[in-house]
Structure formats: structure tokens, C-alpha cells
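> Would you mind keeping the following structure in view while I ask a few things?
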Amino acid sequence: MRHVVIAGGGLTGLTVAFRLRQLQPDLAVTVLEPQPHPGGNIGTEDHGGFRVERGPNGFLDRTPAVPDLVRDLGLTPRLVAASEGSRKNRYLFLGGKLRKLPGGPLGLLTTRLLSLRGKWAMLTEPWRKSAAAAEDESVADFVTRRAGKEAADVFADALVTGIHAGDPARLSVAAAFPRLPVMEREAGSVVRGFMRAAKQRRRDAEVRGEPPPGPQRMWSFREGLRVLVDGLAAALGPAVECGVAVRSVAAHGPHWRVTTDRGVRGADAVVLACPAREQAEVLADLDPALAEDVGGIAYNRVAVVALGYRAADCPVAPDGFGYIAPQNTRRDVLGVQWCSAIFPDRAPPGCVLWRALCGGANRPDVFDWDDDTLGRAVHAEVRLAMGVRGEPVFRRVVRWPRAIPQYHVGHLARVARVEAKEAGHPGLFLTGNAYRGVAMGDCVEQGGAVAARVAAHIAV
Ligand SMILES: Cc1cc2nc3c(=O)[nH]c(=O)nc-3n(C[C@H](O)[C@H](O)[C@H](O)COP(=O)(O)OP(=O)(O)OC[C@H]3O[C@@H](n4cnc5c(N)ncnc54)[C@H](O)[C@@H]3O)c2cc1C
């Protein structure tokens, strides 16, 4: 029986294994995961009615990747959509106040987040002829070129803070937001590109005889995102081995030797789906140049600080997703998600649960604060932003020393070098959120694509 070893039991590695099993049911698959539980960044904790997501809070249905996986696991009936308010009401914390982010062109006209000049620059984006940069460009440079500096300072910063907790001046737009430069190239404008894409989605739905698609939504499960990784692990059964770390890999003809901290495994193909630093360690002897490129992918540090309050102590019951404090304001908190206003069952009756993200590219110092200092800092920020009166009744801090890979300018060239070197090692596959997208949907898409490539390799 042919055997595939997958290093890393996060969402990507589990998806590779699950899809591979579907493609080749007679294949032996082993997922090796050093932690006691699979899931990687994804995990939900229950503390006396406070349901805390350790990592991601939900996934978007922009592509069908995660919804399809959920369906194939038989978990669709357990999904819950984010509240309507959380889709519409998102805020920035600027100048000591929460300010609503505009939801569309009309909102842009009336928002106080931009000056008249800033609004004009944004609203005239479809007609701007700005030469596309030949080289890779940062998110800040791209947005400034297309829609003006104010749009970059306010909206691009908020977008990058919300998704990557990164620095818009360093992140590559082509790597972090690949659709934007494509829209500019193909439609001559980002706004026109979005309009064309929406029209195409409506046409596609019509052809399929489906109702017109609504706006993208965020989803989770009533019991939290752990349902997804637990479902994958349950479907894979004993194929997932926890408490085992992969240390190195070596090729022997068409076969592979996988050295772990618990002995050596033979394999016909090896998939590395662990974080980039660990992939680099595993590859160090096999291909030092490849290891150097992989190991050069930067990560930021993020502390998740969940606080519970009595609803009676919150003068305003938030109806929305939460707020972002743009990183250029250098506040102690990057943003706050109003978890119990987004999904049901996140807090006991009479209480609310909010989750702050701290650290990131611009305030790495905050990550090193002890739990009490962090808790006090977040409490001070939410008092300011939301007028909370009482002390928190619950606190949980989760630290991610390597939280989210940062796709700095030059990332796609690095990925191309990695892929070229990977091709020189038939039977070795590198994947995970370090390469082509950090969102859960990206990880599931990449996992499915890698499973297809592994199946094709094994079939030869
Ligand atoms: C705080 C936070 C909030 C986020 N919020 C969102 C969100 O709201 N929505 C969204 O879509 N995405 C979000 N993300 C991103 C998303 O969660 C991740 O990109 C995704 O879960 C990564 O999955 P992965 O399997 O590629 O990597 P990981 O989850 O990092 O999994 C890699 C696995 O490899 C294991 N491993 C390490 N070393 C070895 C070794 N030597 N051998 C074998 N295995 C090893 C690790 O233990 C881990 O389990 C968030 C991430 C973080 C950290």
C-alpha cells in the first residue's frame, strides 16, 4: 500500500489528508502533529459559558472552498451565519471615537473619515490612469496610487490590520490581495473590477438556475470553529497522530524517509503543512537553499485577549462586528471583535464577550506584556471606546508567537523560487498559510490543490 506522510495537523494538513482519501481511498495517509490536539491555529475553548476562539473567529464564503468541505463532512446543519449587524456595522477607532466604516459609495460621500479631497480621490478611482508598477508593490503604494493617500492611511491600513495585523508599507499587494492588481490590469480600475466580478457572479448564478448571490458572509458553528477541525480529525480517525513532530526528510530513490522525534517513517510522498520556520528546519539537510527561502518568510506576534463583561456595565449594546484601531495610530489594541454580537452562544446570559487582538507588525512590544498588564490595557481601551463601566468578569489570553505569515514585497518571487526548487524533489510538497493566502478559505483551497497533485504523483 502506498503511503503519504503529512507534517502538520492544522487546517491545511487535515484538508490535504481528507481530500487525498477521497481521491485515492486505497492510499495510506498519516498526519503527524506535535501538539496534543490537531487544528493548529484553530481551536475553541469553553469557560463557564464564555466561548473563546483561540485563533480565527469565522470564515468567509467568498469562495465555496470551506462551505464545500463543511458539506462533505456532513456539518452544514451545524453552521451559523454571522449576525446581519456584524456584516453592516464595522468601525474604526480614531480620534478617541468609534466611527462607522462606509458601506458603499453613498456612505463614502457622507463619511467623516475622509476630507473632501480624500473622497474625490477615492470616488474618481475608476477614471484614474496610473501606470501599474512593473515590480511588486506594497499595499500602501498601490492604494495611494489608485485612490489617494488618505484612502491608504485610513482604509488600506484598516484592511491590513484586520486581516494580517501587518504593515501596509511592507506587505505586497499582489501576494496579500491578489485580486486587486488583476482587477486594475483587466478592468483598468479596482472599482470597475469589483463591479464586473459581481456581474459575472450574477450571470453564473443565472446559468445555474440559482437566485442572485448575496453579499459575502462570515460563518462559524454554534459550538465554534473547533467543530471543523474536530470533524476533519474524526473523519481521518487513526490517520492523525498527535504528539509527533517531523524533524527531517530524506529521499531514497523514489521513496522518502521521514525522521520524527518518535522514529522513522517510510513514505511515497511527503507533504509539509507545518509553519514556514518548521518547514525550513525539516528541509535544512535536504536542500539548504530551499530551507533558507522558506525560513525567510516573516511572521508577526499576536496576543488574543478575550474579556467578558456584564451586559449591564456596557452602556451601548454593540450591534456590529467590532472595530479596528488603524496601526498608524499605534494604540495598544489593534482591534476588538464583539464576539457575542457576531455569533450566538458566545457568553452566558446577561454577559458579553469581546476579543482584542494586540501586537502585530507595529506594536510587537505589547505581545511581551504579562497577562495582567495586557488585560488592564485592553480594559482601558474598551472603556475609552465603548464606555464600559464595570470591571471584566472573565479574561483569557492566548499568545501566538508566530501568528500570521507576512507576505512582504518580494513574497511571490520567493514563492516562485520555492516552487522551482520543490519541483526538483519529486514526491515533496510544500503548503500551508505561508505561501498563497492566510484566510481559512485559502488554506482549504491550497489543501485541495495539493491533494490533487499528490494523487497525480502517486498514480505515476
Ligand atoms: C489570531 C488569529 C486570528 C485569525 N483569524 C482568522 C479569521 O478570522 N478568519 C480566517 O479565515 N483566518 C484567520 N486566521 C488565519 C487562519 O487561522 C490560518 O491561516 C490557518 O488556520 C492556518 O492553517 P495551517 O494549517 O496552514 O497552519 P497552522 O494552523 O499553523 O498549522 C500548522 C500545524 O503544523 C504543526 N507543526 C509545527 N511543527 C511541526 C513539525 N515539526 N512536524 C509536524 N507538524 C508541525 C503545528 O503544531 C500546527 O498544528 C487567524 C489566525 C490567527 C493566528
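> Are any of the residues in region 98-105 in contact (Cβ under 8 Å) with a residue 24 or more places away in the chain, part of a loop (DSSP other than H, G, I, E, B) and more than 26 Å from Ile458 (Cβ to Cβ)?
Within region 98-105 (the criterion being in contact (Cβ under 8 Å) with a residue 24 or more places away in the chain, part of a loop (DSSP other than H, G, I, E, B) and more than 26 Å from Ile458 (Cβ to Cβ)), the answer is yes, since at least one residue qualifies.
> Only one of Ala303, Ala233, Ala245, Ala269 is within 13 Å of the ligand (Cβ to nearest atom), touching a helix residue (DSSP H, G or I) at 6+ places or on another chain (Cβ under 6 Å) and either more than 28 Å from Leu79 (Cβ to Cβ) or hydrophobic (A, V, I, L, M, F, W, C) (or both); which?
Details: Ala233 fails: touching a helix residue (DSSP H, G or I) at 6+ places or on another chain (Cβ under 6 Å); Ala245 fails: touching a helix residue (DSSP H, G or I) at 6+ places or on another chain (Cβ under 6 Å); Ala269 fails: within 13 Å of the ligand (Cβ to nearest atom).
From the options Ala303, Ala233, Ala245, Ala269, the qualifying one is Ala303.
> Do we find a residue being surrounded by fewer than 17 Cβ atoms within 10 Å (Cβ to Cβ), closer than 30 Å to Asp345 by Cβ and not polar (S, T, N, Q) anywhere in region 103-116?
yes
> Can you tell me which residues in region 240-272 are in contact with a His (Cβ under 7 Å, 6 or more places away or on another chain) and either surrounded by 21 or more Cβ atoms within 10 Å (Cβ to Cβ) or farther than 13 Å from Glu33 by Cα (or both)?
Of the residues in region 240-272, the ones in contact with a His (Cβ under 7 Å, 6 or more places away or on another chain) are 242, 251, 266-269.
Ala251, Gly266, Ala267, Asp268, Ala269 - these are the residues of region 240-272 that are in contact with a His (Cβ under 7 Å, 6 or more places away or on another chain) and either surrounded by 21 or more Cβ atoms within 10 Å (Cβ to Cβ) or farther than 13 Å from Glu33 by Cα (or both).
> Mind listing just one residue for me: the one in region 174-195 that is free of Cβ contacts under 8 Å to residues at least 40 places away in the same chain, outside any loop (DSSP other than H, G, I, E, B) and under 25 Å from Gly162 (Cβ atoms) and, of those, farthest from the chain's Cα centre (by Cα)?
This residue is Ala187.
> Which residues, counting only those in region 248-266, are among the small types (Gly, Ala, Ser) and either in contact with a helix residue (DSSP H, G or I) (Cβ under 7 Å, 6 or more places away or on another chain) or closer than 22 Å to Phe18 by Cα (or both)?
Ser248, Gly266
> Every residue in region 388-414 that is near the ligand (Cβ under 10 Å from one of its atoms) and not in a loop (DSSP other than H, G, I, E, B), please.
Within region 388-414, Val398, Arg399, Trp400, Pro405 meet the criteria.
> Can you say whether Gly162 is within 16 Å of the ligand (Cβ to nearest atom), within 16 Å of the chain's Cα centre (by Cα) and not in a helix (DSSP H, G or I), as far as the supplied structure shows?
Numbers: within 16 Å of the ligand (Cβ to nearest atom): yes; within 16 Å of the chain's Cα centre (by Cα): yes; not in a helix (DSSP H, G or I): no.
No: the conditions fail for Gly162.
> In region 415-460, which residue that is more than 21 Å from Arg277 (Cα to Cα) and touching a strand residue (DSSP E or B) at 6+ places or on another chain (Cβ under 7 Å) is nearest to the ligand (Cβ to nearest atom)?
Per the criteria, the residue is Gly441.
Each reported figure results from applying straightforward, stated rules to the coordinates on display, with no laboratory input. What you see is a predicted model; the values in this text were computed from it and never measured. Cβ: placed from backbone, ideal geometry, glycine included. Neighbour counts: every protein chain shown.
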